[in-house]
């Protein structure tokens with residue numbers, strides 16, 4: 001039942017989507033990223049309700065997650081006009097989320113949905129929820 005922590009932490013992606021909705025100045029990049037984030041939210045939520053390793057939904061959760069990770073990073077670091085210090089904060093979150101994902105992956109390789117896997121992956125979800133919000137400031 002530990003997987004329900006990941007169902008809940010996935011809902012953290014509603015935070016950057018709320019910022020997107022409240023923002024009155026949206027460009028096409030941000031509209032595309034918000035749509036991609038919504039896809040991630042739905043797929044990840046459905047996957048963690050019944051986390052079957054190597055299932056088709058697990059594949060798409062990973063695929064869309066990696067695409068989003070890359071596109072959000074490119075947009076925030078190279079396209080979005082943000083103060084340099086905010087880009088450094090984002091970079092710190094980006095590296096921290098990568099580390100949390102690495103630890104999650106390492107733990108899940110040993111024991112799928114073990115306590116450490118759930119903990120690190122929940123941390124990953126929280127960090128990417130904070131990080132993706134930078135796209136919509």
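Values quoted throughout were computed directly from the atomic coordinates according to the rules given, and no laboratory measurement underlies them. The model shown is predicted, which means the values in this text are computed figures rather than measured ones. All Cβ positions, glycine included, derive from the backbone under ideal geometry; neighbour counts span all protein chains shown.
Using C-alpha pairs under 8 Å with a sequence gap of at least 6, the mean separation divided by the residue count of the chain gives a relative contact order of 40 percent.
As I understand it, the value is the acute angle between the Cα axis of helix 84-110 and the longest principal axis of the Cα atoms of the chain; what does it come to in degrees, rounded to 10? Result, in degrees: 10. Note that the chain, at 37 °C in a medium of 0.692 mPa s, gets a Stokes-Einstein diffusion coefficient of 217 µm²/s from its Kirkwood radius over C-alpha pairs. From helices alone, the chain scores -25500 deg cm²/dmol at 222 nm; the rule is -39500 (n - 2.57) for each run of n ≥ 4 DSSP H residues, then divide by the residue total. With the largest listed first and rounded to whole Å, the semi-axes of the equivalent ellipsoid of the range 4-51 from the Cα gyration tensor are 24, 11, 5. Round to the nearest 10 and give me the degree value, 0 to 90, for the angle of helix 56-74's Cα axis relative to the longest principal axis of the chain. Once rounded, one gets 30 degrees.
Here the simple spin-label model places points 7 Å from the Cα toward Cβ, and for residue 112 and residue 77 these points are separated by 3.2 nm. Centre-to-centre, using Cα atoms only, the range 118-137 and the range 1-60 are separated by 10 Å. The angle separating the long axis of helix 115-133 from the principal Cα axis of greatest extent in the chain is about 10 degrees.
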